[in-house]
Structures are given as structure tokens and as C-alpha cells.
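None of the figures in this text is laboratory data; all of them are computed from the coordinates on show. All values reported here derive from a predicted model rather than from experimental measurement. Every residue, glycine among them, receives a Cβ derived from its backbone with ideal geometry; neighbour counts consider all protein chains shown.
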Amino acid sequence: MINLDKFFKPKSIAVVGVSRNPSKVGHVLYRNLIDGKFPGKIFIVNRKAEKILEKKSYKSVRRIKEKIDLAIIAVPAQYVPAIVKDCHKKDIRDLIIISSGFSEIGNTELEKGLKEYLTKNKIRMIGVNCLGILDTHSKLDSIFLPRYKLERPLPGGISFVTQSGAVGSTVLDLSAKRGYNFAKFVSYGNGTAIDESDIIEYLGKDKQTKVICLYLEAVKDGKKFIKVMREVSKKKPIIALKGGLTKEGNKATLSHTGSLAGDAEVYLGVFKQVGVINADTIEEMLNFASIFEKSIKPDSNRVQVITNGGGHGILCTDAISENSKLKLATLSKDTIRILRLKFPDIVTVGNPMDLVGDATTRRYKTAMEYCMRDKNIDILLVVALYQTPLLSADVVDVIAEYNDYKKKPIIVVSTGGEFTEVLREALNKNNVVTFTFPKEAVKAIGALVEYYIK
């Protein structure tokens, strides 16, 4: 396995190509490291400047007297080989090359020569033509988009590997907004030296990574990819979203990263064979990632629906019944007997369990208490429609409390506007998995069960 520690936990970084112009990539990279509160040393390299932002600028990495763990290069493509040679002479063995202008625009010889030099001199490199990497735990931020335009997620357990910088940037921004918390983010671009398999192999052993997301357009080495995916998927879930599934998308992939995407059926067949979970959309990938990061392993596939809205209960029931991986739970006789004594006659004690429109927080607490005890139930799908008059905001505390027991997965569906979103955010902060609609929740539960229950 390639050791990628210095890409995520360097003690010193040289940023090559820091411009005085605040809109230039190198300048943004430097500012992001500062604004992200990177705790290590940062050195500016610009051959034409003495100082930038009141900090000393070095003509070359070789002029820096201290040891450098990682160099981030953001200069025009034609200057990259010379700078890489400087890094080698300085004994910098780990590089991130942001620069574009290689095989993705047909400049294959330049990239081929670079790869040969890196291989010959045993230099590790992420890129070329990449967005950068982010480690929320070590506070390394080498993404070249400004933080005021692209919000960074809070520290968490999701690691995202992407061939496309555009997909990666939008996923990061959206994840920060919706409360998906990240461990690491890696945009590897053309994958010139370090490819998707190398990164995923490393993340498979990373203690901060609970679930791996992969946006993939093409694979550099098919045999290596299959071997790595099979091994890592045994340790932690991998969710893949494949781009370039159509003939038109395949052509676009070739012009995007200089790679050929390959046949859709082959990729989807390989995913199934090696235990990788396929996602059809970005939203689905994030939904799956959320449930794997926050939820626990279920004992089996029997789902109990608790709701205060009959229609939502029916939609949940339909979705569960249509999902081949899931079953509707059957309440035990004891649970039915006790709940019928505790609830008014208008409550339906079954599956779905309809607490009806006058449900209170106390009614939810009672339902969850006895469903958590029932050995016929493996997973709780709780629909909480906060618009009803008697349901108070403290239902969030009740749900969070039972979730903290970690006895069974609890997934919450709540559909609504601003007030609903406030309570959803409160649940998210308490590590409760939440969804807006029944079908997306059930599909995510199906992915959870498929991975854990063989």
C-alpha cells in the first residue's frame, strides 16, 4: 500500500505558484490553508516576488532551508516538470499538482514524461488537473476554490474520492449545507501517478473514515481496482457513482480527464461482484453515506414504521414492500397488548403504527420504547410531521435519546418547510439519520441492510 500520510497530515507545506493576485489559484490555495487554520508551517514559492501578504516568498523550493513534507503546485503545465525536478532535489517526495493542461486536452506526451520521472524517482503525486484535497481533522485544506464560495463540511466519517473537481466541489458545498460531515476529500483528476485504487486502499485503513464515496469516470488499472475494492469493501462500505455510462457520456469523459470510461454493464457488474454499493445520483450517494456514517448495524431486515400521518405511513409501507431487501416487521403479541392499553382507540397498533394527527411527544416516546424492546423489530422508521398541533419540538430529544442507546437503527422522515428544517438540523447534530421523503429513506435502509446482512 502506498503511504499517503503526508498528503493528509503534513507538518510543513510549500505552495508553488502563489500569486499576488488574490483571484489566482495559487493565492487562493495559500489563503485557504491560513483561513482553515492549518497548524503546520507554510512556505510561499514565487520566483518573481520577494513578499506576498507580508510573508517571505522563495524563488524555488530549494531555497527553503527547512524540511518540506508536501508541495502543492499550481503553475502553468509547461513549468511543472522543472518544478517537480526542484522538489526532487529538495527531497520532497509528496506532491499535489493542481495544474491542468495535460492529457485532458490532448497533451499526452507532457503527462507521460512527468509520470516516468515520478516513477523513476519514487515521488508520490496526486493530480494532475485536480481540485485538491481536504482533511477536516488535520485542518489541511488544499482545495483551490475560496472558502466564501465553497463551504467546507464539519469533521465526520465520510470520505469522498472524486475524479471530477466540479462534482467534488458541489458535493462539498452541498454536504456542508445539509450537515453531511466529512473525514477526507480527495480530487485526483487525471490520476497520473496515484489513482482511485491507491486512495481507497489507504482510506480502508484510515480510522477516521467510516464510509467511502467514489465518483468515478474511468479506471486506470482494472485488475488492481477489483482487488482493492473487494478487500476494502469487507472493512467498510464503498458507495460508487459512475459517470460516463452512456456513449455520449463516455465521449465527454475522454475530453474531461483523458480517460476512456468503458462499458456501463461491465462497471455495474464489477461493483456488485466486489461488494461496492452503486448509487444512481449524487443525492442518493449522500443519502447512503449518511445512513452508514450515523447508523449502526441492524440485526436483520424487519422495519417498523411509526407515524403521525397516515399517508406518509402508507408511502413508507409501499416502499418497504417494494424493496426486495426489506420486510415489514410484525409486532409481538405482548407489544400489541401493552400499546393498546396505553394508547387511545384511534391509534392503529400495527405496521405502520399510526399515532394519528393529535400525537404528542409522549405518545412517540411510548411507541419507541416498546418497539425498541420488541425482538421482532430490527429497524425503526419514524415519521415525524411537525406541523401537527400537539407535537412539540421536544420530540427531537426523545428520538435522539433512543438513538443514543444504539440498540437498533433509527431513521427519521420529516417533510416540511422552515420549522421542519430547523428540527431536522437538530436531529442531524445529534447523529440521527434524517430524510425528507419516505422513498429515499427506505432506499437508504435497503442499502444498509444489503451491506450488513448477507
| request: Give me a count of the residues in segment 46-85 that are among the hydrophobic types (A, V, I, L, M, F, W, C), under 34 Å from the mean Cα position of the chain (by Cα) and part of a helix (DSSP H, G or I). | output: 5
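Any residue at all in segment 328-344 that's under 22 Å from residue 432 (Cα atoms), surrounded by 15 or more Cβ atoms within 10 Å (Cβ to Cβ) and in contact (Cβ under 8 Å) with a residue 24 or more places away in the chain?
Looking only at segment 328-344, we keep the residues that are under 22 Å from residue 432 (Cα atoms), and these are 328-329.
Those still in the list that are surrounded by 15 or more Cβ atoms within 10 Å (Cβ to Cβ) too: 328-329.
Those still in the list that are in contact (Cβ under 8 Å) with a residue 24 or more places away in the chain too: 328-329.
Scanning segment 328-344 turns up at least one residue that is under 22 Å from residue 432 (Cα atoms), surrounded by 15 or more Cβ atoms within 10 Å (Cβ to Cβ) and in contact (Cβ under 8 Å) with a residue 24 or more places away in the chain.
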| remark: Residue hits (segment 86-116; within 20 Å of residue 3 (Cα to Cα) and over 27 Å from the mean Cα position of the chain (by Cα)) are 87, 88, 90, 91, 92, 93, 115, 116
| Here are some conditions: (1) assigned to a helix (DSSP H, G or I); (2) within 17 Å of residue 285 (Cα to Cα); (3) of a type outside the set (A, V, I, L, M). Residue 419 meets all but one. Which one does it not meet? | (2)
| Residue among 119, 170 that is within 12 Å of the chain's Cα centre (by Cα), of a type outside the set (A, V, I, L, M, F, W, C), surrounded by fewer than 16 Cβ atoms within 10 Å (Cβ to Cβ) and not in a loop (DSSP other than H, G, I, E, B) | 170
| message | Against the conditions (1) closer than 30 Å to residue 181 by Cα; (2) assigned to a helix (DSSP H, G or I); (3) of a type in the set (Phe, Trp, Tyr), where does residue 370 fall short? Just the number, please. | response | (1)
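If I filter segment 33-43 for residues that are more than 25 Å from residue 183 (Cβ to Cβ) and either buried (at least 16 other Cβ atoms within 10 Å of the Cβ) or in contact with a Pro (Cβ under 6 Å, 6 or more places away or on another chain) (or both), do I get at least one hit?
The answer is yes; a qualifying residue exists.
Residues are listed down the side, and each one gets a yes or a no for (1) in contact with a Phe, Trp or Tyr (Cβ under 9 Å, 6 or more places away or on another chain); (2) free of Cβ contacts under 8 Å to residues at least 40 places away in the same chain; (3) surrounded by 23 or more Cβ atoms within 10 Å (Cβ to Cβ):
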{"site": "346", "(1), (2), (3)": "no, yes, no"}
{"site": "374", "(1), (2), (3)": "no, no, no"}
{"site": "380", "(1), (2), (3)": "yes, no, yes"}
{"site": "385", "(1), (2), (3)": "no, no, no"}
{"site": "391", "(1), (2), (3)": "yes, no, no"}
{"site": "395", "(1), (2), (3)": "yes, yes, yes"}
{"site": "400", "(1), (2), (3)": "no, yes, no"}
